1. On the given criteria, is B:M102 crowded, with 17+ Cβ neighbours inside 10 Å, within 30 Å of B:H17 (Cβ to Cβ), within 11 Å of chain A (Cβ to nearest Cβ) and modelled with pLDDT of 95 or more?
2. Give segment A:26-42 a look and list any residue that's at the interface with another protein chain (Cβ under 7 Å from one of its Cβ atoms), part of a helix (DSSP H, G or I), surrounded by fewer than 18 Cβ atoms within 10 Å (Cβ to Cβ) and at negative phi, or say none.
3. Determine whether segment B:196-205 contains at least one residue that is without any contact (Cβ under 8 Å) to a residue 12 or more places away in the chain, of a type in the set (V, I, T), out of contact with any Asp or Glu (no Cβ under 7 Å at 6 or more places or on another chain) and within 14 Å of another protein chain (Cβ to nearest Cβ).
4. Just to be sure I understand the filter: pairs with C-beta atoms under 8 Å, separated by 6 or more residues or on different chains, first member in segment A:53-78 and facing another protein chain (nearest Cβ under 8 Å), second member basic (K, R). Which pairs pass?
5. Select, from A:G11, A:G35, A:G74, the only residue that is in contact with a Pro (Cβ under 8 Å, 6 or more places away or on another chain) and at pLDDT below 95.
6. Against the condition within 9 Å of chain A (Cβ to nearest Cβ) and surrounded by fewer than 16 Cβ atoms within 10 Å (Cβ to Cβ), how does B:E18 come out, does it pass?
7. Can you tell me which residue is surrounded by the fewest Cβ atoms within 10 Å (Cβ to Cβ) among those in segment B:148-188 that are charged (D, E, K, R) and closer than 18 Å to B:A80 by Cα?
8. State all residues of segment B:72-99 that are open to solvent by 10 Å² or more (accessible area, probe 1.4 Å), away from every other protein chain (no Cβ under 14 Å) and under 28 Å from B:F203 (Cα atoms); if no residue qualifies, say none.
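The values are calculated or read from the model by the stated rules, or taken from the named source; none is laboratory data. All of these numbers come straight from a predicted model, not from anything done at the bench. For neighbour counting, all protein chains shown are included, and Cβ atoms are generated from backbone atoms with ideal geometry for every residue, glycine included. The protein model used for the area step is the full one, side chains on, heavy atoms only, and it has no ligands, DNA or RNA in it. Shrake-Rupley method; radii C 1.70, N 1.55, O 1.52, S 1.80 Å.
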Amino acid sequence: MNTTSDHSSIGVLGIWITLIVLAALSIAAAYLPIGSWTWIITYPIAAMMALLIMASYMRLRSSTVIVRIFAGAGFFWLLLWFAVTLTDYLTRPHLYLT
Amino acid sequence: MTAITPAAQFDDLEQEHEASRLGMWTFLATEVLFFGVLFAAYAISRLLYPQGFIAASQHSDLMLGGIETAVLLTSSATMAMAARAIRHGRRTQALQMTLVTMALGAAFIVMHLQGYHHHIEEGLFPGVNFTYEGPYRNQVELFYFLYFVMTAFHLLHLIVGLCILAVIAVMTWREWFSPEYYTPVELTALYWDFVDIVWIFLFPSFYLISLA
């Protein structure tokens, strides 16, 4: 079967180092004095790490278009789900826990 | 090793392999939605109760969470190496890397159970043993409810992954796989990487809310 698009062992190691550095950056961002708003930095870093893993270790970069579409569909649906759910919750009065 | 032939509906092993990958990604899309509903509940709660979530996260063990993250990221790399080795016909290396991945997965499970033990001893187990007396008590309880539910589902997926890896290790040892046929290894690697991705989002959700 096709192994020509395979990443090298050095490639695997390089991606691992990048992932560890990104995780460290995420921890550093949590020390910023912006309260709960750290998510503005930590989640985009998490998304970058996820994309890196999907493109390389999960071999989406070298996959057929149909596989890429199926891989993206779940995340696209999740995006719609979050958008619609949060629109509802953020625009209605709600019960506040103490 | 017996010669591997494609199932009747496929022209060749390549086509069967691609169909299997497509099927696995379809399954992973359902998993995205399964964890998605939990993350949606988390997002709503955190947006509504930021102060309570900051107070609750002060009890998270950052050192433990950081080590767990590094261990899982490393296990994804070793699993990628195992899949690569089998694609290139290096059976011994593939077996070694699969066993290393299993060891890292087991280490993660032990560390995480240690974290649970610590929180339960602190009286932070919602409903059954929740003795937190600080401000935002109910919000902190909600945080720990989400923490236990979401990480327990992740842990369950990891345990399932570990069982599948054990089967893959035995199959590799018995020479089931070759550069022509390695689909089960590849699909297991996809599942393992997905479980890692879920943790990548759980880590900032429960350990990195605010450390300032």
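1. It is false that B:M102 is crowded, with 17+ Cβ neighbours inside 10 Å, within 30 Å of B:H17 (Cβ to Cβ), within 11 Å of chain A (Cβ to nearest Cβ) and modelled with pLDDT of 95 or more.
2. Result: A:S36, single match.
3. There is at least one residue in segment B:196-205 that is without any contact (Cβ under 8 Å) to a residue 12 or more places away in the chain, of a type in the set (V, I, T), out of contact with any Asp or Glu (no Cβ under 7 Å at 6 or more places or on another chain) and within 14 Å of another protein chain (Cβ to nearest Cβ).
4. A:S63/B:R21; A:V67/B:R21
5. A:G35
6. No, not satisfied.
7. B:E180
8. B:L99
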